[in-house]
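Below is one structure, written out as structure tokens; comments come after it.
The values are calculated or read from the model by the stated rules, or taken from the named source; none is laboratory data. Only a predicted model underlies this, so the values are computations on that prediction, with no experimental measurement involved. When we count neighbours, we look across all protein chains shown, and the Cβ atoms used for this are built from the backbone with ideal geometry, even at glycine.
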2 protein chains.
Amino acid sequence: MNFRIIKNDGLARIGIIETNRGTIHTPCFMPVGTNGTVKAMTPEELADMGYEIILSNTYHLYLRPGHEIIKKLGGLHKFINWHYPILTDSGGFQIYSLASLRKISSEGVEFRSHIDGSTHFLTPEKTIEIQLALNSNIIMVLDECIPYPSERYYAEKSLTLTTDWAKRCKDYFEKKKNKQALFGIIQGGIYPDLRYKALEELIRIGFDGYALGGLSVGEPKEEMYNVLNEIAPSMPEEKPRYLMGVGDLIDVIHAVDQGIDMFDCVIPTRNARNGTLFTSQGKISIKKSEYKDDNSPLDPQCNCYTCKNYTRAFLRHLYMCREILSMRLNTIHNLYFYFQFFKKMRESIYENRFTEFKLKWLPILEKNACSRV
Amino acid sequence: MNFRIIKNDGLARIGIIETNRGTIHTPCFMPVGTNGTVKAMTPEELADMGYEIILSNTYHLYLRPGHEIIKKLGGLHKFINWHYPILTDSGGFQIYSLASLRKISSEGVEFRSHIDGSTHFLTPEKTIEIQLALNSNIIMVLDECIPYPSERYYAEKSLTLTTDWAKRCKDYFEKKKNKQALFGIIQGGIYPDLRYKALEELIRIGFDGYALGGLSVGEPKEEMYNVLNEIAPSMPEEKPRYLMGVGDLIDVIHAVDQGIDMFDCVIPTRNARNGTLFTSQGKISIKKSEYKDDNSPLDPQCNCYTCKNYTRAFLRHLYMCREILSMRLNTIHNLYFYFQFFKKMRESIYENRFTEFKLKWLPILEKNACSRV
């Protein structure tokens with residue numbers, strides 16, 4: 001993996017990540033393909049929109065169908081028919097949020113599957129082994145994602161473990177010699193000094209990229225922005241900076257403003273399935289009865305398949321009927337909107353007008369669309 | 001609407017229906033788009049496979065979003081973005097199978113919506129009015145679909161009503177002067193003499209096509225085949241003959257052998273969502289654990305998007321995860337399989353080898369595929 005910065009505009013920057021599976025233009029948004037599928041979409045549809053990388057979840061794929069099977073069948077790209085870069089997380093976050101009976105020791109974490117209750121033990125080495133088997137392009141270290149709020153004492157103790165695990169991940173990864181990239185994850189809760197310490201120790205170990213983890217876990221926005229503002233500009237400039245699990249576009253703007261390069265989030269896809277759609281006029285809740293005979297496209301300024309071919313009235317009808325096509329058309333629109341948003345954001349940075357971009361978009365993102373256009 | 005027969009092979013025949021929305025090659029299969037969407041599919045995907053006509057349900061569209069809204073928005077084709085022929089049923093069948101509190105009188109039928117329990121009254125005139133508002137290309141008369149088993153006495157009484165309603169539908173339809181086609185529906189249960197009587201009376205009224213209704217409602221196959229064999233060859237030769245709600249391909253072969261031209265059924269789409277897939281080797285239940293590491297395509301002889309791009313192992317994985325993409329890929333395959341089946345059947349009739357076609361396919365359709373290919 002190779003990363004270079006093309007242009008800065010304040011702390012914001014655009015760059016290019018090169019992998020053996022293709023190029024990624026940053027700042028980038030990675031749609032989430034939990035089970036190896038971005039819900040409701042084919043891989044071709046994502047590529048046609050312009051997406052260059054997706055995220056997939058190690059925890060889910062490890063439990064079902066199992067990394068051994070995916071390896072045997074030729075790796076994750078072949079299995080899911082997506083031939084561009086894939087980033088896999090370490091499984092840590094899902095263990096803390098989905099699994100039951102988590103027992104954390106210095107060795108690793110024992111947990112019970114949310115699917116069948118079976119018991120598993122994940123170590124730093126094991127998570128790397130799984131991700132190597134999946135053969136994703138960017139793999140993440142195992143970390144402990146602490147809840148909000150967490151006492152400083154606990155955050156500090158947890159960080160010692162997370163740092164130790166990061167080192168073990170790196171050691172195991174190095175031993176295995178391969179072409180993938182390994183990213184470290186900065187934890188430390190809402191305590192900037194702990195975050196700094198975490199970052200310093202990760203830099204000492206040395207990674208291909210650095211991620212901010214454990215944010216957007218329920219803390220007030222100010223706390224998140226505080227950590228971001230303190231830490232992001234200190235993350236190594238020459239490496240990709242990844243803000244994990246954050247995808248609210250207001251947060252994205254704020255984070256890019258602090259120099260973040262990569263994002264993933266279920267917001268565009270999950271909201272789509274729930275009928276919340278992003279438009280150039282603000283958010284729309286398609287189930288509202290005011291759309292029942294609205295013959296206009298969802299977003300007249302949008303060129304996606306959904307907006308080019310269907311009316312709000314039909315989208316509302318499909319949503320009310322809980323039709324699969326509702327989830328498809330809504331997901332197409334939201335992911336298209338996200339891609340275009342990121343594209344325009346990159347262009348604004350390239351042309352030194354990111355401030356203008358922010359001023360234009362922040363008010364739109366904060367409001368609901370008026371009922372008719 | 002214009003219909004002409006191209007070729008006969010025994011009683012089987014191929015023909016062409018011309019409508020102002022396009023041509024339909026018969027024998028044809030009509031995918032079912034209950035709420036104005038063939039579940040999991042876009043209209044383009046159906047057209048790309050070759051489908052020339054879909055069926056949509058008057059009952060569902062009348063209740064949601066309402067025919068007035070669809071009319072106001074430009075008709076059903078525009079609303080759902082399908083620009084080829086559409087056949088709508090009369091709503092009768094759904095009233096008998098879905099709605100509660102059915103009160104049938106000579107005037108019409110009162111029922112309660114399965115969605116919100118609201119009370120509605122459907123008359124022969126109203127069902128035509130709704131279908132004219134939808135602006136579908138082929139519209140069906142209101143009939144009473146009697147259950148199996150039904151006493152002869154009841155079947156006879158019901159038929160009097162059905163015949164009266166057919167007449168009223170025709171009268172109302174004629175009064176409205178338009179370019180749509182109106183089909184009559186032959187009822188009469190499993191009693192061939194009643195079916196004959198029904199047919200005679202419908203012919204006296206005069207329709208653009210004739211349908212066999214009230215079959216595949218739980219009766220033994222022999223009873224269905226008995227009615228088919230007795231009645232189908234007597235249906236007017238120069239008009240399309242439609243066997244309603246039947247789509248098991250063994251039944252299709254049998255019916256085409258008796259001169260039937262049109263079919264609709266949820267079998268390919270519903271089975272797809274439930275993981276039952278049709279292949280050139282027989283049926284496959286994709287959830288079986290034997291497919292968990294099966295790297296072969298679902299059907300090596302199939303050229304559909306699913307078979308060209310995915311393995312049985314991935315299809316099984318998607319199914320086990322209940323992913324939307326599972327329903328999409330399975331539906332694509334089954335509908336592609338159905339279209340190709342009908343296409344090959346038409347070719348066999350054209351080349352006077354329908355018997356050969358039957359002998360080849362009947363054993364395949366009866367068996368489950370062996371586990372590996």
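Out of A:210, A:172, A:154, report the one residue that is under 25 Å from residue A:238 (Cβ atoms), assigned to a helix (DSSP H, G or I) and either touching a Lys or Arg at 6+ places or on another chain (Cβ under 6 Å) or not basic (Lys, Arg) (or both). Reasoning before the result, please.
Details: A:210 fails: assigned to a helix (DSSP H, G or I); A:154 fails: under 25 Å from residue A:238 (Cβ atoms).
Going through A:210, A:172, A:154 in turn, the sole match is A:172.
Can you give me the ranges of the helices (runs of 4 or more DSSP H) entirely in region A:280-373 with at least 2 residues that are at pLDDT 95 or above and under 19 Å from residue A:255 (Cβ atoms)? Before you say what the answer is, go through the steps one by one.
Details: elements: A:305-309, A:312-320, A:324-350, A:354-366.
Where helices (runs of 4 or more DSSP H) fall fully within region A:280-373 and carry at least 2 residues being at pLDDT 95 or above and under 19 Å from residue A:255 (Cβ atoms), they are A:324-350, A:354-366.
Specify the residue that is surrounded by the most Cβ atoms within 10 Å (Cβ to Cβ); the eligible residues are those in region B:302-327 that are touching a Ser or Thr at 6+ places or on another chain (Cβ under 7 Å) and either facing chain A (nearest Cβ under 9 Å) or touching a residue at least 40 places away in the same chain (Cβ under 8 Å) (or both).
B:325
Residue-wise test of (1) surrounded by fewer than 18 Cβ atoms within 10 Å (Cβ to Cβ); (2) more than 13 Å from chain B (Cβ to nearest Cβ); (3) hydroxyl-bearing (Ser, Thr, Tyr).
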residue: A:13; (1), (2), (3): no, yes, no
residue: A:20; (1), (2), (3): yes, yes, no
residue: A:25; (1), (2), (3): yes, yes, no
residue: A:48; (1), (2), (3): yes, yes, no
residue: A:56; (1), (2), (3): no, no, yes
residue: A:64; (1), (2), (3): yes, no, no
residue: A:86; (1), (2), (3): no, yes, no
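Out of the residues in region A:90-128 that are among the β-branched types (Val, Ile, Thr) and modelled with pLDDT of 90 or more, state the one that is surrounded by the fewest Cβ atoms within 10 Å (Cβ to Cβ).
The initial filter retains those residues of region A:90-128 that are among the β-branched types (Val, Ile, Thr), namely A:95, A:104, A:109, A:115, A:119, A:123, A:127-128.
Filter once more, so that each one left must be modelled with pLDDT of 90 or more: A:104, A:109, A:115, A:119, A:123, A:127-128.
Details: A:104: 14, A:109: 24, A:115: 13, A:119: 11, A:123: 17, A:127: 30, A:128: 27.
This residue is A:119.
State yes or no: is residue A:269 within 13 Å of chain B (Cβ to nearest Cβ), among the hydroxyl-bearing types (Ser, Thr, Tyr), under 21 Å from residue B:83 (Cβ atoms) and outside any loop (DSSP other than H, G, I, E, B)?
On the way: within 13 Å of chain B (Cβ to nearest Cβ): yes; among the hydroxyl-bearing types (Ser, Thr, Tyr): yes; under 21 Å from residue B:83 (Cβ atoms): no; outside any loop (DSSP other than H, G, I, E, B): yes.
Taking the combined requirement at face value, the residue does not satisfy it.
Do we have any residue at all in region A:199-209 that's under 14 Å from the mean Cα position of the chain (by Cα), surrounded by 22 or more Cβ atoms within 10 Å (Cβ to Cβ) and at pLDDT 95 or above? Talk me through it step by step, then tell me what you get.
Within region A:199-209, the first condition is being under 14 Å from the mean Cα position of the chain (by Cα), and the residues that meet it are none.
No.
Return a yes/no flag: does region B:106-117 have any residue that is within 14 Å of chain A (Cβ to nearest Cβ), touching a helix residue (DSSP H, G or I) at 6+ places or on another chain (Cβ under 7 Å), part of a helix (DSSP H, G or I) and touching a residue at least 24 places away in the same chain (Cβ under 8 Å). Full working, then the answer.
Narrowing region B:106-117 to residues within 14 Å of chain A (Cβ to nearest Cβ): B:113-116.
Then keep just the ones that are touching a helix residue (DSSP H, G or I) at 6+ places or on another chain (Cβ under 7 Å); that gives B:113, B:115.
Subsequent filtering for residues that are part of a helix (DSSP H, G or I) retains none.
Within region B:106-117, none of the residues are within 14 Å of chain A (Cβ to nearest Cβ), touching a helix residue (DSSP H, G or I) at 6+ places or on another chain (Cβ under 7 Å), part of a helix (DSSP H, G or I) and touching a residue at least 24 places away in the same chain (Cβ under 8 Å).
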